[in-house]
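Okay, structure first, notes after.
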Amino acid sequence: MRIIELLLRTSMLEQMKEFYANRLGFPVKVQTKDSFTIYAGETSLSFVRDDGNVRPNYHFALNIPENQIVEAKEWLLRQGCPLLNAATMESLGIYASEDIVTFERTNAHGVYFEDPSGNLVELIARHSMKNSATEPFHISSILNISEIGFPLRNTVPEAIQELESRVDVKPYVGDKISFQMLGDDQGMFILVDTENKWYPTGRTPEIHPIHMTVAGDRNERFQLEPYPYFVQISITTRSTKQS
């Protein structure tokens, strides 16, 4: 699955723009009084102002070259972005060395941080992808958004069935009951029951509006009811990556 666009809400728009555009250096695609959009590799990532009484927060991951997890960690630290410590969970095939995580079941390494809105953000190097790089790691090394979390209330099996019927995705890793990665290394839904906790923070997943566009063989929009998750399938060969 290829995620073309992802739109999330934030109650801290100005702080988020400072963090993503100025501190980390993501190229700004467009901005208005109530939103801004950056190039996250080949994915357009938008944050829209939310004036509600809660602070929306999400989990998403960005693919990086499979050989550059250490360089990515060092780059984040140079940008003044603290990393989250992680713990080993052998039963899940997760092994942590301070802030670098080894995912045995998915053949990947990752590092995590939180942005000003409290979003759990991951840079992940997937070793089954042939995307090694020789240039020093930089903001332009980020390839695309490859994961978006969909917290659910005891409906993971139903969500799997609905998404499989709508989008070209298959189960990847998970138990199909309370947690399921649905898709492939290029892009996937992370279906998680709200009774679970996000790794590595132990924070309870929260349900907030998500709008996204994925590449497909037709133009269609649907909602993963009863949740505020909206998916647009779009026929496109367009790359949004800024060179």
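The values are calculated or read from the model by the stated rules, or taken from the named source; none is laboratory data. Treat the numbers as computed from the prediction; the structure is a model and nothing was measured. Every residue, glycine among them, receives a Cβ derived from its backbone with ideal geometry; neighbour counts consider all protein chains shown. Side chains are part of the model used for accessible areas, which takes the heavy atoms of the whole protein and leaves out ligands, DNA and RNA. Shrake-Rupley method; radii C 1.70, N 1.55, O 1.52, S 1.80 Å.
Things worth noting here:
- For segment 1-36, the tally of residues that are under 19 Å from Ile139 (Cβ atoms), small (Gly, Ala, Ser) and outside any loop (DSSP other than H, G, I, E, B) stands at 1.
- The single condition from (1) of a type outside the set (D, E, K, R); (2) under 16 Å from Ile145 (Cβ atoms); (3) open to solvent by 10 Å² or more (accessible area, probe 1.4 Å); (4) in contact (Cβ under 8 Å) with a residue 24 or more places away in the chain that Thr37 fails is (4).
- Residue match in segment 181-194 (condition: over 24 Å from Ala86 (Cα atoms), crowded, with 20+ Cβ neighbours inside 10 Å and touching a residue at least 60 places away in the same chain (Cβ under 8 Å)): yes
- Restricting segment 87-136 to residues that are more than 18 Å from the chain's Cα centre (by Cα) and β-branched (Val, Ile, Thr) leaves a set whose member that is surrounded by the most Cβ atoms within 10 Å (Cβ to Cβ) is Ile94.
- Against the conditions (1) open to solvent by 10 Å² or more (accessible area, probe 1.4 Å); (2) part of a loop (DSSP other than H, G, I, E, B), Pro205 satisfies every one except (1).
- Residues located in segment 219-243, provided they are exposed (fewer than 13 other Cβ atoms within 10 Å of the Cβ), charged (D, E, K, R) and modelled with pLDDT of 95 or more: Arg221, Glu225
- Looking across Pro200, Pro171, one residue alone is without any contact (Cβ under 8 Å) to a residue 24 or more places away in the chain and surrounded by 14 or more Cβ atoms within 10 Å (Cβ to Cβ). It is Pro171.
- Looking across Val30, Val70, Val48, one residue alone is free of Cβ contacts under 8 Å to residues at least 40 places away in the same chain, of a type in the set (A, V, I, L, M) and under 22 Å from Glu147 (Cβ atoms). It is Val70.
- Counting only strands (runs of 3 or more DSSP E) wholly contained in segment 62-129, the ones carrying 2 or more residues that are among the aromatic types (Phe, Trp, Tyr) and within 28 Å of Arg2 (Cβ to Cβ) occupy 108-114.
- Going through (1) of a type outside the set (Ser, Thr, Tyr); (2) touching an Asp or Glu at 6+ places or on another chain (Cβ under 8 Å); (3) farther than 24 Å from Phe47 by Cα one by one, Asp175 falls short only on (2).
- Within segment 42-56, the set of residues being open to solvent by 10 Å² or more (accessible area, probe 1.4 Å) and not in a strand (DSSP E or B) comprises Glu42, Asp50, Asp51, Gly52, Asn53, Val54, Arg55.
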